[in-house]
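No value in this document is a laboratory result; all are computed from the given coordinates. Model, not experiment: these values are computed from the prediction. No Cβ is skipped: glycine too gets one built from the backbone with ideal geometry, and neighbour counts run over all protein chains shown.
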């Protein structure tokens, strides 16, 4: 089949971007969306033009690298599917697909369909862990975790950090992402001791980044390739509220968002 | 050159204790004065950077991805082995050790494997404490399953996403150290060369992939945890970005590369569907616990699987290996799949596929249980193939998955360059000629959490470090060499894309140095690789510039290294006149088609040293001694 791809091209974050339309002939229905872009990129490269930059790595839907909007929907029309696993059989011959990057202030543009998602790392850095150094752990079976609890934690832990939730949210909120980590860790007994601090720190960091606020719209869970449930946001809110009632004076300052790329920083 | 593996003397059970006691320690107050570089942020690198940060070292960790959480360890599905013996089914440290040495077809170093088995039990504890949501019984205890090639249930798992959960555990531990200020994380930055001064590894030259800027990083030791080189085949289950560049540059700076021809073909991947195919998707081998593998008895049988009656099906693994059946090790399962397809009994459009059938399992335990065990894998299969594996048998075919070869390291995980340590899949040490399922995660975490924190300390405590900065002449010459290669790739402006070269290279290596190899084929391959490499350096085109994000340039540098590695793999495979594990030389097989080792002549690690462009690499042998597990022909019948 033949498709028109209308793709956002932008050389660097300083340049102004624009849509450019390309026609791709001989699209095989078995191809993935990314393979379709590979085919386009081979043609562009042979013509001496710069190929379309897009992020990807495992191409198995688990690393969370890939993702862009297809006709206004994060990761495209298939539920629970990243663009690397989205096959072209879901589109029709002659269709036009508009591909654009995640758009959010907290995800500054890098090039074409590639954006900077370090704000997610900073949210984890602010408290998305259990403080246990290597060597301190007791035998695994001394911490009993009921099957239902483990399953519930796993549901939240399945987040791949792709950023679709932010891209789909009209407020560009990171509540589903942050809530998923808070829920994963606070459901488990191992995560209980730091439950309050974690919620306070992570929410503070989320607010310090350029994400918007959650207004319970639910677009995030609708596009989430791992179908992270909306309840994790409720868990986050509950943990945050609970923690806020208790006085805390030893909270750490939030991490200043970095926007530059240089390996020479220390 | 002679290789000293530094294996501690005395009984193997006490070797690691002895080694740890013999190590010199770094005073806690002095740890922060030592700077360390960790390249790679997967299970090995992430765990190492986190653990070294916790000890108080001053660590810089690099990854080429946008975040350390993307490392390819994340894609591991099935599970992680540990000698916990929770199921009370006869597991022990010794059995895990024994199985790993045997499964590796007696080409691994016993002492390293024993240590791995010992440490395995601590890994699970550590990961549980971090909040890794392992599968649980209703009573709250950890669940185990048996996994490819094992007759005990020693595999721990988190649905079909074990690698993801373990990696997130390591990533979170790493981010905790970033917050604590002990680790500086430097993402989107690729190591392009190693700095060696006065014989010691003292730093790296790296390129920022967003700005193109080259930077110099000096440290007291460099730790590579950069994964395997399966992408030399172009089509593999590796992530698209996985590459050999860091290891290869270390090789060219003097580190020996061991057993490059030991590559693993995974039996259960989704078959290739067309020329555009960019990678292969693995279906966890845990599926073999419940799925039955078969092909039609008749050649060229075009009937749909439900139309083929039971007595016209050949469950060839169950037939040939009654005691292990569908759970034979990966190399055996892969070779048998190739054999039945070569006979013309393969299934699917291409004829390169076999069925993995869950009909009996669903009838036995019900669809709900199967969905609980493998739901996400079945969904993934359906997304890709548009077929429902609950109703129609899956079609699978072997694909390159893991590379057992890698940089040579001693018992301390130190390469032949002092101060250069190599962890995880990037080293060669623990899996011999074939890796057992669920052992890669175990090794990566063992090296990162529990081995390197000790051994790097010993190195730091017993060596002196001259002050070096970026103005040092050796540093300047490495930077200049890196710049020159980048400029060269951008200036060729030929007619062929990087991917077209990579595809062609991959096809050569797959055809001649894949599941079956011959001396003559390898000779042919070497000629073809050289010719193609020459064309690459004259006719590749890399559009764009070197001062912004340029994915073609990144790929070009990696493919250039794959060309050189491919040749070394073929040289190594040609030199090893025997079959063992994943290395199957057609000339050396038993009458019934099993791999025939030659312990008399080839019971050694082949470690290759670089001798300059165009020169044949130098082979150094590390003889292998088996004092505990006596070499025998592996039998899974």
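How far apart, in nm, are the 7 Å Cα→Cβ label points at residue B:523 and residue B:462?
4.6
222 nm [θ] for the protein assembly as shown, helices only, -39500 (n - 2.57) per DSSP H run of 4+, per residue, to 500? Present the calculation step by step, with values, prior to reporting the outcome.
Numbers: 26 runs with 317 residues, N = 903.
-11000 deg cm²/dmol, from helical runs alone.
According to the square roots a ≥ b ≥ c of the eigenvalues of the Cα gyration tensor, what is the shape class of the stretch B:150-263, taking rounded for a/c under 1.5, prolate for a/b larger than b/c otherwise, and oblate for the remainder? Let's see the in-between values first.
Numbers: a/c = 1.79, a/b = 1.28, b/c = 1.40.
Oblate.
Where a ≥ b ≥ c are the square roots of the eigenvalues of the C-alpha gyration tensor, would you call the stretch A:1-91 rounded, which needs a/c under 1.5, or, failing that, prolate if a/b is larger than b/c, or oblate?
Working: a/c = 1.58, a/b = 1.22, b/c = 1.30.
Oblate is the answer for the stretch A:1-91, as a/c is 1.5 or above yet b/c matches or exceeds a/b.
Relative contact order, percent, of the stretch A:84-165 when contacts are C-alpha pairs under 8 Å separated by at least 6 residues? Don't skip to the answer; put the middle values down first.
Details: 26 pairs, mean separation 16.9, N = 82.
The normalised contact order for the stretch A:84-165 reaches 21 percent.
Pairs of Cα atoms under 8 Å, at least six residues apart: use those to get the relative contact order of chain A, whole percent.
On the way: 463 pairs, mean separation 50.0, N = 266.
Over chain A, the number comes to 19 percent.
Take the Cα of residue A:9, step 7 Å along the line toward its Cβ, and report every residue of the stretch B:210-249 whose backbone nitrogen sits under 16 Å from that point.
none
Say each of residue B:6 and residue B:627 gets a label point 7 Å from the Cα, pointing the same way as Cα to Cβ; how far apart are those two points in nm?
Result: 1.8 nm between the two label points.
Out of A:119, A:65, A:133, any idea which swings most in a Gaussian network model of chain A, alpha carbons joined below 10 Å?
Its mean-square fluctuation being the largest, the pick is A:133.
Between the helical axis of B:452-461 and the dominant principal axis of chain B, each derived from Cα atoms, what acute angle in degrees is found, rounded to the nearest 10?
20
For an R0 of 45 angstrom, estimate the FRET efficiency from the Cβ-Cβ distance between residue A:171 and residue A:139 and round to the nearest 0.05.
Details: r = 45 Å, r/R0 = 1.00.
Efficiency at R0 = 45 Å is approximately 0.50.
Hey, what angle do you get for helix B:551-575 against the long axis of chain B, alpha-carbon based, 0 to 90 degrees rounded to 10?
70
In a Gaussian network model over chain A where Cα atoms closer than 10 Å are linked, find which of A:184, A:13, A:201 has the largest mean-square fluctuation.
The residue with the greatest mean-square fluctuation here is A:13.
Based on DSSP, what percent of beta bridges with both residues in the protein assembly as shown are antiparallel, to the nearest 5? Please list the in-between numbers first.
Working: 58 of 83 bridges.
Beta bridges within the protein assembly as shown, antiparallel portion: roughly 70 percent.
If R₀ is 51 angstrom, what is the calculated FRET efficiency for the pair residue A:215 and residue B:276, using the beta carbon separation as r and rounding to 0.05?
According to the calculation, E is roughly 0.75.
Which angle between 0 and 90 degrees, to the nearest 10, do you get for helix A:175-187 versus the longest principal axis of chain A when only C-alpha atoms count?
40
Pop the C-beta distance of residue B:138 and residue A:231 into the FRET formula with R0 = 35 Å and round what comes out to the nearest 0.05. Mind dumping the intermediate values first?
Working: r = 22 Å, r/R0 = 0.64.
Efficiency, from the Cβ-Cβ distance: 0.95.
Sequence gap at least 6, Cα distance under 8 Å: using those rules, report the relative contact order of chain B to the nearest whole percent. Write down the numbers at each step before the final one.
Details: 1396 pairs, mean separation 128.9, N = 637.
This gives 20 percent for chain B.
Rounded, prolate or oblate: which fits the protein assembly as shown, taking a ≥ b ≥ c as square roots of the Cα gyration tensor eigenvalues, rounded meaning a/c under 1.5, else prolate when a/b beats b/c? Before the final figure, lay out the partial values.
On the way: a/c = 1.14, a/b = 1.08, b/c = 1.06.
The shape class here is rounded.
What length, rounded to one decimal in nm, is gained on full extension from residue B:618 through to residue B:473, with 0.36 nm per residue of separation minus their alpha-carbon distance? Kindly include the intermediate steps, with their values, before the conclusion.
Numbers: separation 145, 0.36 × 145 = 52.20 nm, distance 2.80 nm.
Full extension of this stretch gives 49.4 nm more.
Can you give the % of DSSP beta bridges in the stretch A:3-111 that are antiparallel, to the nearest 5?
Roughly 75 percent of the DSSP beta bridges within the stretch A:3-111 come out antiparallel.
By counting other Cβ atoms within 10 Å of each Cβ, how are B:197, B:270, B:396 ranked from fewest to most? Don't jump to the answer; show the numbers that get you there.
Numbers: B:197 18, B:270 21, B:396 28.
Neighbour counts put them in this order, fewest first: B:197, B:270, B:396.
Calculate the spin-label point distance for residue B:304 paired with residue A:98, positioning each point 7 Å from the Cα along the beta-carbon direction, and give it in nanometres.
Label at residue A:98, label at residue B:304, 4.0 nm between them.
For a quick check, take a GNM of chain A with Cα springs below 10 Å and name the residue from A:51, A:189, A:138 with the largest mean-square fluctuation.
Ranking A:51, A:189, A:138 by mean-square fluctuation puts A:138 first.
Provide the percentage of antiparallel DSSP beta bridges, counting only those with both residues in chain B; round to the nearest 5. Walk me through the numbers before you get to the answer.
Values: 44 of 64 bridges.
Beta bridges within chain B, antiparallel portion: roughly 70 percent.
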